[in-house]
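Undergrad: Can you read through this structure? Questions will come right after.
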Amino acid sequence: MTLRSKTLLTVGIVFLALIIILYIISQTLLMRSFARLEEQRTRQNVEQALNALSNDLLTLKSLTSDWASWDDTYAFVEDVNQDYIQTNLVDDTFTELRLNLMLFVNSSGQMVHGKAFDLQNEEEMTVPESLLSYLPPGGLLVSHSDPESIVRGIILLPENPMLIVSAPILTSEDEGPVRGALILGRYLDSSEIERLSGQTRLPLTIYRYDRSPAPGDFQTLVPFLSEEIPVLIRPLGKQSVAGYALMRDIYDKPVLLMRVDMPRDIYAQGQDTLAYFILSLLAVGAVLGVTALLFLDRQVLSRLTRLSRGVSSIGTSGDLSVRVPISGKDELSKLGVALNVMVETLERSSNMLKRKNELLDAQTKDLQSKAEELTAQRREVEKANQRKSEFMANMSHELRSPLNVIIGFAELMIDELSGKIDQEQKQCLNDILNSGQHLLSLVNDVLDLSRIESGKVELKSGKVALERLIASLTRTVMPILSPRKQSLDVDVESCLPLVYADEGNLAQVLLNLVDNASKFTPDEGKLKVEAVRVGDWCRVSVIDNGIGIKKEDQERIFEPFIRLEEPLVRERGGTGLGLTVVKQLIEKHGGRVWVESEYGRGSQFNFTLPLTNGDFRNPGEPGSEKEDTDC
Ligand code: ADP
């Protein structure tokens, strides 16, 4: 989802939520106040209708008082004179006063005269029987002990409810004693209700409490109406609302229910207002929303899109000389500036890298040509070395024959086989012999070394029993050790397998090392040859307690012609090639040579050789089968 559609969605959702919340709030608040207004007006109307009825009763009351406090009536209730009847109780009186009933009751509670009148047909009618039940002796309507007491209210007669007033009969001066009661009545019939309706301009309906079936709303509303809640308001639907009031009779019994209907114009107005409000809210919201979106798009989204397009075009083209477009002076423009700075830095580093790469390429080419040159030189050197070794080998070989002749003749002459010589001549001949022998050993060593270096020495490797080889070596070196009174110990690990080596070469290595150990150990020194197994290898050590070698010399003594500056070394002589030959031969076998030594205390020269695989028997040596089985 793009940032633009996310923003659109967010603004849309916020806008919608706002409209819904506003709608709910306004619906609740606005419609509640409109409903309250409607209720108030309906209540006023109900009260107006009730007032009209009460006014009706008040008029009837003052009428009754007028008639009751009159000397003629005062006399009439005593004598019931016909004159009073003919003058006053005529039909016109009933029509004019809109009366349906006039009853005269004397002080003993007996009705002395009564007339009922039908106002519709304008004719006299019999006093309704049902009325008599309201006039028991001593009843509310008939007995007035107090001249002030007037009873007014409603009674429910089977045919119609009736507005009724009973006043005490007094003199014209409102004086007693009370001679009975005058009761005037007016039916609350349809014409009277119509009159009241017209007067109040309200559609009135009156239900009887005792009639069944009573209208539905009547049944449900009665329980809610009481002294405290005399008026109830109920909407009848979308079109009209009704106000209800309970009316009680003279005994305070609920007998009638008045209903005032009203159109719901206030409510409808409320609905309209709400609809207009929401519509205008929608319109304003839409305008604001679109404006906000346009603003956001102009100020943020389109600029962001331009930035992102700029960055990705740099990414895809790889052209670091391009810059992203910048507009305005805010965080986005700062971001653009920062991006451009970054691209600039990248451009600089990439240029630098390019230059370095070029430099490296040039150097690599240079190095390559130098390496080729070196390889060529190395080949040349190798060839030269080869030629040198060949030359040395030839030279040594050519030197040995005349040397042997010189040595041989020197010996002959010393032994006086060629004639008598004096002491001085003998000494000279001995010097010739010694120098000749030294030269011969030097030539021999040079010959060995050059043969090894030129690769002419071919190893004739086979299985060699070290124990036997060392035993024969012991015998060989005895003539060297004896004059120096040096001892030689041999310690070969039992069950040491045969080593894989060229026996002749190995004998020469051992001889060189034991010869050195003897040479560089003072007289009566102790020498030892040791052989142990180390994994798949055999380590042979030649140990002495001689002059030892300084740490810094321990590496270089394996180089050719190196002889250390020690008195014993000078005295005992040597060529400086023995250890070089040892190192070359052992390394040809795949082994390694090293020295461990403490200056002044002795040295231990070690070398390693590969062991054969669990083979103990020395071929052709009797008795070795036994050893084989022991191990
Ligand atoms: P050289 O013919 O002199 O023995 P080597 O190559 O065998 O020549 O030895 C080189 C030098 O190493 C010797 O001259 C000596 O100084 C030193 N060296 C060799 N073996 C021993 C040893 N066992 N003890 C002390 N020094 C030794």
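Undergrad: If I go through the range 104-115 residue by residue, how many of them are modelled with pLDDT under 90 and crowded, with 17+ Cβ neighbours inside 10 Å?
TA: Number of matching residues: 3.
Undergrad: A further question follows. Of the residues that sit in the range 505-517 and are buried (at least 21 other Cβ atoms within 10 Å of the Cβ) and free of Cβ contacts under 8 Å to residues at least 60 places away in the same chain, which one is nearest to the ligand (Cβ to nearest atom)?
TA: So, considering only residues that are buried (at least 21 other Cβ atoms within 10 Å of the Cβ) and free of Cβ contacts under 8 Å to residues at least 60 places away in the same chain, the one nearest to the ligand (Cβ to nearest atom) is V514.
Undergrad: Within the range 520-531, is there a residue that is more than 17 Å from F607 (Cβ to Cβ) and within 9 Å of the ligand (Cβ to nearest atom)?
TA: Checked against the condition, which is being more than 17 Å from F607 (Cβ to Cβ) and within 9 Å of the ligand (Cβ to nearest atom), the range 520-531 yields at least one hit.
Undergrad: Could you list, in sequence order, the residues of the range 573-594 that are within 8 Å of the ligand (Cβ to nearest atom) and surrounded by fewer than 17 Cβ atoms within 10 Å (Cβ to Cβ)?
TA: Selection gives G573, G576.
Undergrad: OK, next. Picking from N385, N394, N357, which residue would you name as being surrounded by 13 or more Cβ atoms within 10 Å (Cβ to Cβ) and either hydroxyl-bearing (S, T, Y) or part of a helix (DSSP H, G or I) (or both)? Break it down stepwise before answering.
TA: Values: N394 fails: surrounded by 13 or more Cβ atoms within 10 Å (Cβ to Cβ); N357 fails: surrounded by 13 or more Cβ atoms within 10 Å (Cβ to Cβ).
Result: N385 is the single residue among N385, N394, N357 that is surrounded by 13 or more Cβ atoms within 10 Å (Cβ to Cβ) and either hydroxyl-bearing (S, T, Y) or part of a helix (DSSP H, G or I) (or both).
Undergrad: Mind checking which residues of the range 128-181 are within 24 Å of M258 (Cα to Cα) and aliphatic (A, V, I, L, M)?
TA: Answer for the range 128-181, where residues must be within 24 Å of M258 (Cα to Cα) and aliphatic (A, V, I, L, M): L131, V151, I154, I155, L156, L157, M162, L163, I164, V165.
Undergrad: Within the range 468-504, which residues are surrounded by fewer than 18 Cβ atoms within 10 Å (Cβ to Cβ), over 20 Å from N444 (Cβ atoms) and either in contact with a Phe, Trp or Tyr (Cβ under 7 Å, 6 or more places away or on another chain) or of a type in the set (D, E) (or both)?
TA: D489, D491, E493, C495
Undergrad: Another one. So if I check each of D502, D523, D491, D536, which one is touching a residue at least 12 places away in the same chain (Cβ under 8 Å) and within 60 Å of the chain's Cα centre (by Cα)? I'd like the intermediate steps shown before the answer.
TA: On the way: D502 fails: within 60 Å of the chain's Cα centre (by Cα); D523 fails: within 60 Å of the chain's Cα centre (by Cα); D491 fails: within 60 Å of the chain's Cα centre (by Cα).
Answer to the check: D536.
Undergrad: I want to confirm something. Restricting to the range 547-562 and keeping residues that are assigned to a helix (DSSP H, G or I) and in contact with a helix residue (DSSP H, G or I) (Cβ under 8 Å, 6 or more places away or on another chain), which single residue is farthest from the ligand (Cβ to nearest atom)?
TA: Top of the filtered list is F558.
Undergrad: May I ask you to list the residues in the range 34-92 that are touching a residue at least 12 places away in the same chain (Cβ under 8 Å) and within 60 Å of the chain's Cα centre (by Cα)?
TA: The answer is F34, A35, L37, E38, E39.
Undergrad: Could you list, in sequence order, the residues of the range 151-180 that are of a type outside the set (G, A, S) and within 16 Å of Y74 (Cα to Cα)? Break it down into steps so the answer makes sense when it comes.
TA: Taking the range 151-180 first, the residues of a type outside the set (G, A, S) are 151-152, 154-165, 168-171, 173-175, 177-179.
Across the range 151-180, the qualifying residues are P168, I169, L170, T171, E173, D174, E175, P177, V178, R179.
Undergrad: Also, I was wondering about something else. Look at G602 and say whether it is touching a residue at least 24 places away in the same chain (Cβ under 8 Å) and within 11 Å of the ligand (Cβ to nearest atom).
TA: On the way: touching a residue at least 24 places away in the same chain (Cβ under 8 Å): yes; within 11 Å of the ligand (Cβ to nearest atom): yes.
When the stated conditions are applied, G602 passes them.
Undergrad: Go through the range 116-129 residue by residue and tally those that are at pLDDT 90 or above and in contact with a Leu (Cβ under 7 Å, 6 or more places away or on another chain).
TA: Total meeting the criteria: 2.
Undergrad: Which one of these is at pLDDT below 90 and either closer than 30 Å to Y276 by Cα or in contact with a Gly (Cβ under 7 Å, 6 or more places away or on another chain) (or both): L30, L101, L132?
TA: Answer to the selection: L30.
Undergrad: Hey, any hits in the range 6-16 for a residue that's exposed (fewer than 12 other Cβ atoms within 10 Å of the Cβ), closer than 18 Å to G243 by Cα and basic (K, R)?
TA: No: zero hits.
The values are calculated or read from the model by the stated rules, or taken from the named source; none is laboratory data. Note that the structure is a prediction, hence the values are computed from the model and not measured. Note: ideal-geometry Cβ built from the backbone for every residue, glycine included; neighbour counts use all protein chains shown.
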